[in-house]
Amino acid sequence: MSHTSGFCSVCGTPIGPEVRFCPNCGTPAGRTLPQNVTALQQVSAIPQNAAYFQDLTVPHPEQLRINCPTLPPGAFMTSFWLIVLTLLSCLICGIAAIVESTMMIRGGHEIHPGQFGFCCYLFFFVLYMIALCRFLYRCWRLIQDGYAHTTPGKAVGFNFIPFFQIYWIFISVYCLAKDLNAYAARYQITAPRAREGLVLTGLIFLWIPYLQPFALLLLPIGFFSMARTAEAIQDARRPGAGSF
């Protein structure tokens, strides 16, 4: 549907003939003000702090429901506990594989890659990666309103690029914590804050030798806080909640 070139009836931003929504305030192109609402009343409703108003503006309001389907209650917390469960299983199977290999070496037996502990470790590691990618994808998809650092597909897929993943994990995980908090603040959703500093510290420790055990303690706490924030945002956006 095309419209003639002109200006937004609410904020006055110039819009082209093929634009369906105002790029500044999101008003549908061609919409006129109600007769009982004057332009002066519209302007007077804008907060005095213009920068704050810009932060709250949604550039693509039509994305709010189209790209974010409602998930079952508790979906994000369930994804988090799956990550914890599979990670613990990986650690247990990894330790069992090391102990089994040590005992076979001491007994003079030949070590085969098909050992039970090693196979269990690979199995749970694959499950852990699936659970982690699923959690990240769901969280990033929840906050796609035009301000997110990246898309859900890139957030997950770029982590599999060798060497580049060292940088990208900070985008897909740390920036996720920041964007979740920013999203909740932008739409005035009452939600527990994701612990950005804890997540960043855990990611740094993850790449420093001898500090990885501390990362295994910090990152689950950080992911738990992100799951709580995402859960609160999802509940606020649920039909009938009144936030949107």
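Bear in mind these aren't lab numbers, they're just calculated from the coordinates by the rules spelled out. For clarity, every value in this text was computed on a predicted model and none was experimentally measured. Note that we place each Cβ from the backbone using ideal geometry, even for glycine, and neighbour counts take in every protein chain shown.
Got a sec? Charge dipole of the range 116-244, +1 on Cβ for Lys and Arg, -1 for Asp and Glu; which of GLY222, ILE189, ILE208 is way out at the positive end? About the Cα centre, the residue reaching furthest to the positive side is ILE189. Overall shape: prolate for the range 75-236, with the ratio a/c of the largest to smallest alpha carbon gyration tensor axis at 1.5 or above and a/b above b/c.
Once backbone amide H atoms are built at 1.01 Å from N, ARG195 has SER225, MET226 as its partners under 5 Å, excluding neighbours fewer than 5 places away on the same chain. If only the Cβ of Lys and Arg carry +1 and only the Cβ of Asp and Glu carry -1, the dipole of the range 75-236 around its Cα centre is close to 280 debye. With the simple spin-label model, which puts each label point 7 Å out from Cα in the Cβ direction, the THR102 to LEU88 separation comes to 2.3 nm. For the range 186-238, the Kirkwood estimate of the hydrodynamic radius, built from every pair of different alpha carbons, is 11.9 Å.
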